[in-house]
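Novice: Before anything else, here's the structure in question.
The values are calculated or read from the model by the stated rules, or taken from the named source; none is laboratory data. Computed from a prediction, not measured in an experiment: that's the story for all the values here. For neighbour counting, all protein chains shown are included, and Cβ atoms are generated from backbone atoms with ideal geometry for every residue, glycine included. Quick note on the areas: whole protein, heavy atoms, side chains included, nothing else; ligands and nucleic acids left out. Shrake-Rupley method; radii C 1.70, N 1.55, O 1.52, S 1.80 Å.
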Amino acid sequence: MGALPTKCAMEKPKVGESLQEQSLTFQEAPLMAHENSKQEERPQWSWSLSWAAIGSSLGAAVPVGYCTGVMNSPAELMRSWCNETLIASYDLHLSDVWLEILWSAVVSIFLVGGAIGSVVGATMANRFGRRGCFYICGLLLALGAISFYACRPLHSVELLLLGRMMVGLAGGLLTSFMPMWHSEISALSQRSTLAPLCPMGLTLGVVIAQVCSLRSVLGGPENWHFGLAFYGLLVVVCYAPFRWYPESPKWLFIVLGCKEDARRQLQLLRGYTADSAALKAEMEEMELETASGVNPRGLGQVLRDPQLRLPLIIVCAFLGGQQLSGINAIFYYSVSIFRKAGLSKQASEWTNLGAGSLNLFASMLGPVLLERVNRRPLMLFSTFFCTVFLLLFALMLYFIESYSWFGMGCIGCIFLYIFFFQFGLGPMPFFIGAELFELASRPAAMSLGSLTYWLCNFIIGMAFPTMQNLWGALVFLPFSVTCLLIFCLTKRYLPETRGRDPSEVAPLVASGFKSKVMLPKQAAILG
């Protein structure tokens, strides 16, 4: 791994008397020049951009997804090991109740780490940069893998807990900075392709974990610790060439004031020549943003700004609503749900793997759809059908004894819900904040959205078993209502962001709940 960015020659933008002239010039000429330059020289898919997108997704997003899904299959084996280890090491005999509490701590400390990582994500993104956050995320994942590998031979439950905390911190940091990083290193025309890579990496990690944690693979009584740490190989491979990962040109230029470094990064990322008109246009845009006095804003400043209230509600509602829509409840307890639908234990496990594979396949459609279809119709389409199939699933499961075919109907509803989930509700919440917020407020907004995501994930993991015992099959009705509420929020308040710079989108939602967003018909397909 390379070193974290430290400092550069701080070049202050020339403001003062020339500021008005710069503003007039920007209004009259550079905007047209920028459009002409985009027509003359379109950004290329350079090796630097491609490696940053693929390497960061495989090296960080996939491991975090892996750690999310790897605990399900070997849970009974690990629970027994924890009990035996505490007896051997401390002569501590836990009752069934306390053993359940310990296991809940092992599972949920990952989510607690995610919430903490989200809270500090904004500060770290501004202090160390987006690439620096990626470096720290890799260190946390590596420490987690070492702890997982060593916990069994060293007979240490503490190392297991420490490893879960480390990867949770990495997960919270990841969901705060990675969509923002991908947004800032890509050109406007490339953003739709990179936007879903973070959630797609998380989904791929869960599927790999489902395979690796099978007893016949790495989920047996003698090798489950290898299964927990297996993702470490991917971290090593993807972080070895760390020096070739690019930093965000906007962060270098606007936050640090390193103009030449930003220029070099733009050349590498876009494939521009040194005298390119498109490169000059992008530099002028960042110069104007710097001259307007943009400074990174903290969590408190973002929360107090009334113009940011609606976009902040959208980001938090999308990320929290994604978790409260029931996707993790279904995957956490899918095997038991399939058993209740009439499948055998082995058939339920294979059906669960099939559901995870469908989730991955549908997520791979994300880059294609987001490149060609506007955000609003995709989100409306996704949330509408998720509402319908969750409602049908709850009703069929409730009346499953009434008709023999309701069992297969339940399985069909789950598969269809997963499929439509990945059209919008799956990928879009992760990156919509990067498209709604300008650079100054973006880290804090993404951090708050990420915090909401992890807290709602924690609530579902802890509350769902109790709710299921109380309500039975009807526990899925609130998930359907959540999808319906997100549908209504999208219909009324989400502006179209595809092909638009955040500076164009921000005024559309600046009036709070009185905002009049553009309709999809008015938001022409750009790029």
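Novice: Which whole-number percent is the relative contact order of the chain (Cα, under 8 Å, 6+ apart)?
Specialist: Over the chain, the number comes to 22 percent.
Novice: I need the fraction of alpha carbon pairs in region 298-526 separated by more than 29 Å, rounded to a whole percent. Can you show the working numbers first?
Specialist: Working: 7957 of 26106 pairs.
Of the Cα pairs, 30 percent sit more than 29 Å apart.
Novice: Sticking with this one: Normalise the Debye intensity by I(0) for region 340-402, one equal point scatterer per Cα, no solvent, then take log10 at q = 0.18, 0.23, 0.27 Å⁻¹ and round to two decimals.
Specialist: -0.88, -1.05, -1.13
Novice: Just to be sure I follow the definition: excluding the sites themselves, where is the longest run in the chain that has none of the GluC sites (Glu not before Pro) in a DSSP loop with at most 10 other Cβ atoms within 10 Å?
Specialist: The reported range is 18-221.
Novice: For a test of the definition: using alpha carbon positions, the gyration tensor, and the 1.5 limit on a/c, classify region 224-345 as rounded, prolate or oblate.
Specialist: Oblate shape, in that a/c is at least 1.5 and b/c is the bigger or equal ratio.
Novice: So how strong a dipole does the chain carry about its Cα centre when Lys and Arg Cβ are +1 and Asp and Glu Cβ are -1, to the nearest 20 debye?
Specialist: Dipole about the Cα centre, nearest 20: 540 debye.
Novice: How large is the accessible surface per residue of the chain, computed with a 1.4 Å probe and reported in Å² as a whole number?
Specialist: 43 Å²
Novice: On to the next question. Mind checking the dipole of region 325-400: about its Cα centre, +1 per Lys or Arg Cβ, -1 per Asp or Glu Cβ, Debye to the nearest 20?
Specialist: 80 debye
Novice: Next up: With a length cut of 27 Å (Cα positions projected on each helix's long axis) and a Kyte-Doolittle mean of at least 0.5, go through the chain and give me the DSSP H helices that pass.
Specialist: Helices passing the filter in the chain: 96-151, 157-185, 375-398, 442-471.
Novice: Can you give the convex hull volume of the alpha carbon atoms of the chain per residue, in Å³?
Specialist: So the per-residue hull volume is 150 Å³.
Novice: Under 13 Å from the Cβ of Glu435, count the other residues' Cβ atoms, weight Lys and Arg +1, Asp and Glu -1, and hand me the total.
Specialist: Neighbourhood net charge equals +1.
Novice: Also: What percentage of the solvent-accessible surface of the chain, computed with a 1.4 Å probe over protein heavy atoms, is contributed by carbon and sulfur atoms?
Specialist: So the carbon and sulfur contribution to the accessible surface is 65 percent.
Novice: Further question on the same structure: In whole Å, largest first, what are the principal axis extents of the Cα atoms in region 43-247?
Specialist: 63, 36, 25
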